[in-house]
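> Pasting a structure below so you can have a look.
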Amino acid sequence: MYVHERDVSFMDNEQPIVDFSAIHDALGKNFEPVQVIDGQAKVVKPEIVAKYTNDQLVEFLKLMIWERTLHQRSNALTRQGRLGFYAPTEGQEASEMGSNSAMKSTDVLMPAYRDIPQLIQHGLPVYKAFLWSRGHVLGNEYPEDLHAMPPQIIIGAQYVQAAGVALGIKKNKTADKVAYTYTGDGGTSQGDFYEGMNFAGAFQAPAVFIVQNNGYAISVPRRKQTNARTLAQKAVAAGIPSIQVDGMDFLAVHEVTKAARDYAIAGNGPVMIETLTYRFGPHTNAGDDPKRYRTKDEEQPWFDNDPLIRYRKYLTEQGAWSQAQEDEYVEQVKADIKAAVKQADDAPKQKITEFLSNVFEEQPQNIQQQITAYQAKESK
Amino acid sequence: MSKKTYIQAITDALRLELGSDDRTLLFGEDVGKNGGVFRATDGLQAEFGEDRVFDTPLAESGIGGLSIGLALEGFRPIPEIQFLGFIFETLDSIAGQMSRERFRMGGTRHMPITIRSPYGGGTHTPEMHADSLEGYLAQIPGLRVVTPSNPYDAKGLLIASIRNNDPVFFLENLKLYRSMKADIPDEAYTVPLDKAAVVREGTDISLIAYSAQVNQSLKVAEKLAKEGISAEVIDLRTLSPLDEETILKSVEKTGRAVAIQEAQRQAGIAANVASLIAEKGALYLSAPVGRVYAPDTVYPFGLAEDDWLPAEDEIEAKTREILTY
C-alpha cells in the first residue's frame, strides 16, 4: 500500500514524457503565406516587384483578364446549352495563371477539371477545350508537342501519375523539365494525394504539386477536410518542402512556383505549394448553389479580395493600364472565343466505329465484329 | 531448349525483354534486391541495375499511377502487384485510367503497360492472397487479361504482352509456379494474344478452361479417353477479349461444352463462355452448356481451401452429366 501511494505522488508531480498539445500547436506554424502585393494594392515585397517591368506586369494582368473573360463566356455558353461540363474558375485567376506562367511549355501538365485555363495556356486550342466540355473526343486528341494529359475527373489520380511523369523525366535525364499538377483542398484528403507526393519524394523526382485551396470541396468547407492547420504541412511527412502562398496575389504565386520549379530541376526532388484562394461561383454549372452552404458575410471579403482588383489598381496607379485598354483587350478575347465556338461547332459528328478503333492498337475479335456491325449502321 | 518451371519461364521472359528493349522498366514491392516474394524477378536488378529494376514504396495505387506517368514519358512499364487480391487499391489506375487512355485521347497516346500479378488458390496463403479476380478485370474495355497454363505459354505470352502497345493484365498462377516443368526454347518467342489453344483434340465434348484448370481438365480428358470418350480441351489463354472463333469452332464440332473456372460462379469468365455459346452457337448444342466453378462465397483461406476449390472430380462429374444429358 505504501509503495503504491508513493508511485501515485511521483506520477502527479512529473511532467508528461511528451506534450502532445504543444506538438499539435507547432505543426502548421511554419506556414506563413507569402505575399508580394496585398489586397489594397500595396507593395509588400518591393524587391520582388522590382524584378519586373510594368510591361511584364501588364502581361500578367492580361492573363488574369483573359481567364476571367474565358470564365464569363464559358458560363454564358453553358447556360445556353452550348457547352457541356464546366467548372467555374472565377476568383482563382492569380492561383491558376500565376503558377502556370512560371512553367515552360516543355513541362508536363497533369490538370484536373478546374484547370482548363492552364491547359489552354499550355497549348490546348480553346476550341478543343470546348469540345472536351461537350464530350467530343477531338478535344482530347493532343499533338506530340502538347505535354499534358486531359483534365482528370477522379480526384487525386493526377498526383500519382505526375510522380510517374517526374520519374520518367529523371530517368530520361531531361534537363530543365518538370511534371506539374493541380488539385483542390478536398483533393488533399485523397489517398492518391499522399501516394503521389511520397513516390515523387522517395524517387527525388522533379514534380511540382499545386493545391488550390479554394475553401470548398463542392459544399464541404476546408475546416472539415482535415484537422491539419494548413494543407501545406501535409507535404512535410513525405519529406517534401512546401509553402503557403496568397492565392489572390499573382506575383506571389508566380515567384513561389518559379522557385519551386528551380528547386525541382536542380535535382532536389518535388515541392508542394498551397495557394489560398476562393471559388467565387458554384462548384460546377450542373446545379450547385453555394447559397446552400455559405453566407454572403463569408463571401464578401473574398469578393473584395478579387485578384484582378489589386493588380489593375496597382498598374493603373503606375500609369501602365487603363479601363480603355482593358475594354479593348476584353473585346479581342471575346472575339477569339467566338471563333473557337464556331470551330468547335464545325467538328464532325462522332462515330461509334471510330470509338471502337481507338480501344486497342491491334483489334481483337469482339472489336472487329462490332466495327463491322456499326459500319453497316453508319453507312445507312 | 532448357527445362524450366512456370516461374523460371516468367523470369526468362522478363530478362530477355529487359535485355532487348532499354525502354522497359520493372518495378513493384520487393522486386529489386529480394527478387520478388516468389523470386520471379530474381537476379534481374543485379543484371540490369537499379535504374531499370527497382523497388517502389508500398502503395498499389501509386504503382499504377507511376506506370501511367512513365508510359507517358516513353517507357514500357512492367509493374508487379504482389498479389492479385491487392488490386482493389489500384483499380482506378487500371480501370479508370490506363485502359482508357488510347480511347480517351483518340489514339494520340497509348499505354504499353504489362501488370504482372500472382493469383489462384490451393497454396495456403493468407486472406486476399489467392482470390481469382479475373472476372472484375475482364469487364474493363481496353485491357487485355492474359493467363498462361504452362511454362511455354508463360514465356511466350509474357513477351507478347510486354511488346504489345496496350495495357495487359498478366495473371500468374501461384500453384503452377513450381509444380510444372517443361522444355522451352532459350531464345525469345511470342505466343499470340487474343488466341485460345486447342491443347487436346477431341470430338465428343469441349472442356473450356484456363490457368490451373486446364491441367485438371487434361487429366479428366485422359481418364475419359480410356473409356473411349474423346474430350477436346481448350486453353483460353486470353480471358478478355475472348477468342470466340476457337470456342465456337470446337463446340460446332463436339456439340457439347463445359466451361471451367476456379472463381466463384457469379459473373465470371465461364459465364462469358456460356453466353457466347448461347448467343452464337446454340444450334450446335445437343445439351446445355455445363459450368464448373467455386461456390458464391468469399474465398475461405486456410483449412477449407481444398474443399472449396473446384476439383478434378467435379470437372469429371459435370463432363459426364453433359455427355449423357
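The values are calculated or read from the model by the stated rules, or taken from the named source; none is laboratory data. Because the structure is a prediction, the values reported are computed rather than measured. Virtual Cβ from ideal backbone geometry, glycine too; neighbours counted across all protein chains shown. Quick note on the areas: whole protein, heavy atoms, side chains included, nothing else; ligands and nucleic acids left out. Shrake-Rupley method; radii C 1.70, N 1.55, O 1.52, S 1.80 Å.
> Can you tell me the orientation of helix A:365-378 relative to chain A, as the angle in degrees between its alpha-carbon axis and the longest Cα principal axis, to the nearest 10?
Roughly 50 degrees, rounded to the nearest 10.
> A further question on this structure: In terms of Cα to Cα distance under 19 Å, which aspartates and glutamates are near enough to A:K377, apart from those fewer than 8 places away along the same chain?
A:E354
> Ignoring ligands, DNA and RNA, how do A:K351, A:K62 rank by accessible area with a 1.4 Å probe, largest first?
A:K351, A:K62
> For every helix of n ≥ 4 consecutive DSSP H residues, a contribution of -39,500 (n - 2.57) applies; sum these over chain A, divide by its total residues, and give [θ] at 222 nm rounded to the nearest 500 deg cm²/dmol.
Per the formula, -14500 deg cm²/dmol.
> What Rg and what Dmax come out for segment A:49-171 when only alpha-carbon atoms are used, in angstroms?
Reported Rg and Dmax, both Å: 15.2, 48.
> Now for a different question. Please determine, in degrees from 0 to 90 and to the nearest 10, the orientation of helix A:157-171 with respect to the longest principal axis defined by the Cα atoms of chain A, where the helix direction is its Cα long axis.
90
> Which whole-number percent gives the relative contact order of segment A:158-203, counting Cα pairs below 8 Å spaced six or more residues apart?
58
> In addition: To check you understand DSSP bridge types, tell me what percent of the beta bridges within chain A (both residues inside) are antiparallel, rounded to 5.
Restricted to chain A, the bridges split so that about 10 percent are antiparallel.
> Another question, if that's okay. With every protein chain in place, what's the accessible area of A:E141 (1.4 Å probe, Å², nearest 10)?
The accessible area comes out at roughly 50 Å².
> Now for a separate question. Which chymotrypsin sites (Phe, Trp or Tyr not before Pro) in segment A:26-66 sit in a loop by DSSP (not H, G, I, E or B) and have at most 10 other Cβ atoms within 10 Å of their own Cβ?
Sparse-neighbourhood loop chymotrypsin sites (Phe, Trp or Tyr not before Pro): none present.
> Mind checking the angle between helix A:191-202 and chain A's longest principal axis? C-alpha axes, 0 to 90 degrees, to the nearest 10.
Roughly 80 degrees between the two axes.
> Net charge within 14 Å of A:V108 by Cβ-Cβ distance, Lys/Arg positive one each and Asp/Glu negative one each, not counting A:V108 itself?
Charge balance near A:V108 sits at 0.
> May I ask you to evaluate 6.51 cos²θ - 1.76 cosθ + 1.60, the Karplus curve with θ = phi - 60°, for each residue of segment A:215-227 and list the ³J(HN,Hα) values in order in whole Hz, giving x for glycine and proline?
For segment A:215-227, the Karplus curve yields x, 9, 9, 6, 10, 8, x, 3, 5, 8, 6, 6, 8 Hz.
> For the protein assembly as shown, divide the Cα radius of gyration by the Kirkwood radius and give the resulting Rg/Rh value with two decimals.
Reported Rg/Rh (Cα atoms, Kirkwood Rh): 1.05.
> A follow-up question, please. Sequence-distant or interchain residues sharing an amide H contact under 5 Å with B:V53, placed H: which?
B:L26
> For segment A:268-380, what is the Kirkwood estimate of the hydrodynamic radius, computed as the reciprocal of the mean inverse distance between distinct Cα atoms, to one decimal in Å?
Result for segment A:268-380, one decimal place: 20.6 Å.
> Hey, another quick one. Can you give the relative contact order of chain B as a percent, counting alpha carbon pairs under 8 Å and 6+ residues apart?
Computed over chain B, the figure is 16 percent.
> Determine the alpha carbon to alpha carbon distance for each of A:K128/A:K173; A:K62/A:K104; B:K4/B:K175; A:K62/A:K338; B:K4/B:K223 and list only those over 20 Å.
A:K128/A:K173; B:K4/B:K223
> Quote the relative contact order of segment B:263-325 in percent (integer), defining contacts as alpha-carbon pairs under 8 Å separated by 6+ residues.
It comes to 38 percent, rounded to a whole number.
> Also, I was wondering about something else. What are the semi-axes of the equivalent ellipsoid for segment B:1-115, taken as the square roots of 5 times the Cα gyration tensor eigenvalues, largest first, in whole Å?
24, 16, 13
> List the residues of segment A:197-214 that lose 10 Å² or more of accessible area once all protein chains are present, compared with their chain alone (1.4 Å probe, heavy atoms only, no ligands or nucleic acids).
Residues passing the criterion (a loss of at least 10 Å², heavy atoms only) are A:N198, A:F199, A:A202, A:F203.
> Please list the non-local residues whose amide H lies under 5 Å from the amide H of B:E172, H modeled 1.01 Å from N, same-chain partners needing a gap of 5 or more.
B:S117, B:Y119
> Also, quick follow-up: Run the reach check for A:K42 against aspartates and glutamates, Cα to Cα strictly under 16 Å, same-chain hits fewer than 8 apart removed. What comes back?
Excluding near neighbours in sequence, the set is A:D246, A:D249, A:D304, A:D306, A:E317.
> What translational D, rounded to a whole number of µm²/s, comes out for chain B from Stokes-Einstein when the hydrodynamic radius is the Kirkwood one over Cα pairs, at 10 °C and 1.306 mPa s?
Rounded to a whole number, D works out at 79 µm²/s.
> Also, quick follow-up: Please list B:S230, B:S117 in order of solvent-accessible area, largest first, computed with a 1.4 Å probe with all protein chains present.
Sorted descending by solvent-accessible area, the residues read B:S230, B:S117.
> Between segment A:73-105 and segment B:87-106, what is the separation of their alpha carbon centroids in Å?
Cα centres, segment A:73-105 to segment B:87-106: 26 Å.
> Probe of 1.4 angstrom, ligands and nucleic acids ignored: what's the accessible area per residue over chain B, in square angstrom?
36
> Amide H to amide H under 5 Å from A:G184: which residues, 5+ apart in sequence or cross-chain, H placed 1.01 Å off N in plane?
A:Q212
> Quick one: 3J(HN,Hα) in Hz for segment A:67-74, Karplus 6.51/-1.76/1.60 with θ = phi - 60°, rounded, Gly and Pro as x.
5, 5, 5, 4, 4, 4, 5, 4
> Identify the trypsin sites (Lys or Arg not before Pro) of segment B:194-227 meeting these criteria: DSSP loop state and at most 11 other C-beta atoms within 10 Å of the C-beta.
B:K226
> When the accessible area of segment B:213-325 is computed with all protein chains present and a 1.4 Å probe, what percentage of it is carbon and sulfur?
52
> So, one more: Out of the GluC sites (Glu not before Pro) in segment A:300-380, which ones are loop residues according to DSSP with at most 11 other C-beta atoms within 10 Å?
none
> Anything losing 20 Å² or more of accessible area from the isolated chain to the full protein assembly: pick those residues out of segment A:341-380, probe 1.4 Å, ligands and DNA/RNA ignored.
A:F355, A:N358, A:V359, A:F360, A:E361, A:E362, A:P364, A:Q365, A:N366, A:Q369
> Just the number, please: buried accessible area between B and A, total of both chains, 1.4 angstrom probe, nearest 100 square angstrom.
3600
> Any idea what diffusion coefficient chain A gets from Stokes-Einstein, in µm²/s, Kirkwood Rh on alpha carbon pairs, 10 °C, 1.306 mPa s?
Diffusion coefficient, whole number: 70 µm²/s.
> Turning to a different aspect of this structure: Could you pull the accessible area for A:D145 with a 1.4 Å probe, rounded to 10 Å²?
About 110 Å², ignoring ligands and nucleic acids.
> Over 31 Å between Cα atoms, which of A:K380/B:K253; A:K171/A:K351; A:K351/B:K195 qualify?
Correct reply: A:K380/B:K253; A:K171/A:K351.
> Something else about it: How big is the accessible area of B:M128 in square angstrom, nearest 10, if you roll a 1.4 angstrom probe over the protein chains?
80
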